[in-house]
Amino acid sequence: QVQLVESGGGWVQPGGSLTLSCEASRQIFKFDVVGWYRQAPGNQREYVGSMTGSGRTNFVDSFQGRFTMSGDIARNTMWLRMNGVTPDDTAVYYCYAQDGSQKFWGQGIQVTVSS
């Protein structure tokens, strides 16, 4: 069973930056795809971005240029770097990993953007 654990969430001021980590129970780049979703209060879970096993990343247009993803093979860890955050980025962020049709989820971590 694959386990994913997020960390690095918390409070950040508007315009600031925050990096979320997701540690997997096996090598990140052995999955077909890894990535992030988020869910704001009262909203459905929305796709943020993903990274393939070859390291290629893809983001929703609204996050392009502000969010980046990276991974570390040795540490089974991937990161989501968020720059220039706004209160609209307040949400619970979930990392996921996918093998074929199977998708595994982390438990989610809160990010709050406010002054």
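The values are calculated or read from the model by the stated rules, or taken from the named source; none is laboratory data. These numbers come from a predicted model, not from an experiment. FYI the Cβ positions are ideal-geometry reconstructions off the backbone, even for glycines, and counts take in every protein chain you see. Calculation scope for accessible area: heavy atoms of the full protein, side chains included, ligands and nucleic acids excluded. Shrake-Rupley method; radii C 1.70, N 1.55, O 1.52, S 1.80 Å.
Here are some notes:
- Looking only at segment 29-85, and only at residues there that are of a type in the set (Lys, Arg) and within 24 Å of Gly15 (Cα to Cα), the one that is least open to solvent (accessible area, probe 1.4 Å): Arg38
- Counted residues, segment 2-27 - those being within 18 Å of Gly108 (Cβ to Cβ) and either assigned to a loop (DSSP other than H, G, I, E, B) or touching a residue at least 60 places away in the same chain (Cβ under 8 Å) (or both): 17
- Subset of segment 28-52 [under 15 Å from Asp72 (Cα atoms) and in contact (Cβ under 8 Å) with a residue 60 or more places away in the chain]: Ile28, Phe31, Val33, Val34, Gly35
- Residue within segment 10-21 that is buried (at least 18 other Cβ atoms within 10 Å of the Cβ) and over 30 Å from Ser115 (Cα atoms) present: no
- Residue list for segment 91-108, filter: open to solvent by 30 Å² or more (accessible area, probe 1.4 Å) and not small (Gly, Ala, Ser): Val92, Tyr94, Gln98, Asp99, Gln102, Lys103, Trp105, Gln107
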